[in-house]
Structure formats: C-alpha cells, structure tokens
Amino acid sequence: MLREENKMTSKTKKLSIGSLGPLLALAILVVVVSILNPNFLTPNNLLNLLRQVSINALIAFGMSFVIITGGIDLSVGSTLALTGALTAGLIANGINPALAMLIGMIAGAILGMINGLLITKGNMAPFIATLATMTIYRGATLVYTDGNPITGIGDSFLFQFVGRGYLFGIPFPIVVMLVAFILLYILLHKTAFGKKTFAVGGNIKAAQIAGVKSDKVQTLIYTISGLMASISGIVLTSRLNSAQPTAGQAFEMDAIAAVVLGGTSLSGGKGRLVGTLIGALIIGTINNGLNLLGVSSFYQQIVKGLVIIVAVLLDRKKK
C-alpha cells in the first residue's frame, strides 16, 4: 500500500515538473534575452511582443483542439490570407465593416468545416486533406486578389480599432487573444465537448464504443480551427490596413510549434490550452529577441526549426 502511495506521489511530482516545463523555459528565455539586450523588458517592447504573439496565439488555440484529437491543420495560414482578403475586399466595396468581418469569420468556419468533412466523410488523412486545402485556399486568395494587395479599406473606426485600437491602455489584439483564450479554455477543459475531444484523441474506437460521435466532434474541431484562423486574419488585415495575398505563409509552423512547446502531445489525447499560450509566448520571445539582437530573418527560420525539432524529441521522450 505504502509502495503504491509512493508511486502515486512520484508520478504527481513528475507531472508537476512536466507541467511547469514550458513556463520554466519561457522564464529562462526571458532572462537570457533581457541580459543580452536590456531594451527587451521595456513596456513598449513587451506590449509590441504581446501584440505580435496574439496573431499566432489565436491560430494556435484552434490548432490545440486539432492536435489533441491526433490531427493536424496545415491550411490555417491560407485560411488566414483568404478570409483577411475577403473581409478587406468587402469593406473596399462599401460593405459595412461589422458585416464584412462577420462574413469573414463565417467563411473561415466553413473552410475549416470543409477540412473536417474531408477527414471524417472522405476518410482522408488530416495531413493530406489540409495540405490539399492549404494549396486550394492559397490559390483562391491569389485569384480573388489577382495577386495584388487589397488597399483602400477606408477609415472605418471599428475595423481600424480591431488591429490598432486600445482598450484600457491594452492593445485590442491582446484583448481579443485573452477573450478567445478564456472561452476556448472553458470549452476544452470544463465542458462535455472538451472531454469528447480528449477521448477522440486518446482512443477513437473506445470513444465511439462509449457513444461519442467522433465524426461530429472532429468536424466541429476543424471548424473552430478555421474560425480562429479567420479572426487572426481579420486582426492582421486591420493592423496592416491592407490584405496581402501572401499573408500567413508558414504561420501553421509557428502555431504547431506553440502547441507542441506548450506540452500538447502530437499523438493526441493530451494537452493544455495554458501550455499553448505559453508556447506562443516562447515563439514570440524568440522572434522578438532575435530581432533585437539583429539576427537575420534567414537564421531566425533555422532557429525556429531547431526549436520545433527539440520540442518533438522531448514529446517522444516523455512517452
């Protein structure tokens, strides 16, 4: 009996240390970067860092749900570009900005749902299905924009506020990120739907036997991923005051890196949204720190690739 209790205590300690891993990594990274460049800890730089992180974090939140089910969504960067261009195009053609943003978000949800249906009804592997739609959505963006940026969005206060406004002194993109985090945290960790998400990722056949409609859960999860990518696209388009047809390229890698660095298992069934937020902060700190140190963007890509490799190796080691 005593031996069993000791085993449980040991497991709890390992779990606690493992859970704190991403936070410790972020703390060490912050200390190292602030020593190398004192400008890192200035309020303006930290707010700028959080504003940049919000774009990646919004996508990563949706990606967390997908990866917890054992899937992957490679189309989020293209979804961001297409929905951002669609929103900008509608506003430029005189559509009310609030209605245009709503249409952009609905479009993002539909694009995500298409991914889910291809995977569940078409029996396609998530990697193949979203790789194909990544190409299709990017191509649709280039067709819609004719390969040129969409400008002349106008001076709508509401649209400009989304990407460049402040609420109680906090940049609004950060507020959007925090609100999305709270809502999705409740959905994932406090509802029956969240339990079904973990069940599908842990063992899909067992979940089906237990009565979970896995197709419905997976389709809804990819819909959430598409919706979050569209919100990120609208925030980015507002911040830039233009829609770039090449926007969002390689954003899926940053989102996947944030999720994995946050402790979510690539094989599904395990994950925490808090970890994803910390993972996005780690990626943002690396980007910001390398920029402050004057490191070339070419080398930054190499560093981020190495970080992803290390995160995946650590994930495998934990198993």
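Accessible area per residue (1.4 Å probe, heavy atoms of protein chains only) ranks L187, L306 as L306, L187, with the largest value leading.
Using a probe radius of 1.4 angstrom, the carbon and sulfur fraction of the accessible surface of the chain is 69%. The calculated FRET efficiency for L183 paired with A250, based on their beta-carbon distance and R0 = 41 Å, is about 0.95. Most fluctuating residue of I182, I204, I91 in a GNM of the chain with Cα springs under 10 Å: which is it? Evaluated over the chain, the most mobile residue of the options is I182. Between S156 and L102, the simple label model (points 7 Å from Cα in the Cβ direction) yields a spacing of 1.2 nm. For region 128-236, applying the loop criterion from DSSP together with a ceiling of 16 other beta carbons within 10 Å to the chymotrypsin sites (Phe, Trp or Tyr not before Pro) yields F168. For L41 and L24, the difference between the fully extended length at 0.36 nm per residue and the C-alpha to C-alpha distance is 4.4 nm.
Determine the per residue accessible area of the chain with all protein chains present and a 1.4 angstrom probe, expressed in square angstrom.
With the other protein chains kept in place, the chain gives 49 Å² per residue.
As a quick test, which of the pairs K195/K304; K216/K304; K213/K304; K121/K195; K121/K196; K196/K304 have an alpha carbon distance above 30 angstrom in this structure?
Among K195/K304; K216/K304; K213/K304; K121/K195; K121/K196; K196/K304, the Cα-Cα distance tops 30 Å for K195/K304; K216/K304; K213/K304; K196/K304.
Amide H to amide H distances under 5 Å link G70 with G268, G269, where only residues 5 or more positions off or on other chains count and H is placed in the peptide plane.
Only DSSP H runs of four or more residues enter the estimate; each adds -39500 (n - 2.57), and after division by the residues of the chain the mean residue ellipticity at 222 nm equals -26000 deg cm²/dmol. How many angstrom lie between the Cα centre of region 133-202 and the Cα centre of region 27-64? Rounded to whole Å, the Cα centres lie 19 Å apart. With a Förster radius of 51 Å applied to the C-beta separation of L314 and V143, the computed FRET efficiency comes to 0.80.
The values are calculated or read from the model by the stated rules, or taken from the named source; none is laboratory data. Quick caveat, the model's predicted, so the values are computed rather than measured. Cβ coordinates were reconstructed from backbone atoms using ideal geometry, including for glycine residues, and neighbour counts include every protein chain displayed. Areas reflect the complete protein model, heavy atoms only, side chains present, ligands, DNA and RNA absent. Shrake-Rupley method; radii C 1.70, N 1.55, O 1.52, S 1.80 Å.
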